[in-house]
Amino acid sequence: MNLHDLSTHAQAGRIDELSLISLEGGIYLLEARMEGRAHPILTEQGKTLNLRSVEHARDVLQDMPPLPFFLVHSSVHDEMCGMPSADNSLRVPIAFRSGW
């Protein structure tokens, strides 16, 4: 799903929530949840849309209607050898619009 598709689905009320996934190195990925499935947001060229910060994501999403928005930090413990697989990610609701 690209930003145009996201906008179309958001305007129609089909997007349940957005997640901004924080990765090592200051990279953030945007994911939309629709009908119980996660859809990564892609560029027009079909590559994963990389964002630099929460504010960058808000700038990209400024023309969208407000949606539930979460910042997601994954736990590095999930990647350790011998550790049981579990979802230890931290999901924090954040404001869709900037308070600045």
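A few notes on this one:
- Theoretical gain in end-to-end length, GLN62 to MET34 [0.36 nm per residue, Cα-Cα removed]: 8.1 nm
- Within-15-Å neighbourhood charge of ARG37 [Cβ basis; K, R +1; D, E -1]: -3
- Computed magnitude of the charge dipole of the range 1-65 (debye, nearest 20; Cβ of K, R +1, Cβ of D, E -1): 80 debye
No value in this document is a laboratory result; all are computed from the given coordinates. Only a predicted model underlies this, so the values are computations on that prediction, with no experimental measurement involved. Don't worry about glycine lacking a Cβ; one is built from the backbone with ideal geometry, like all the others, and counts go over all protein chains shown.
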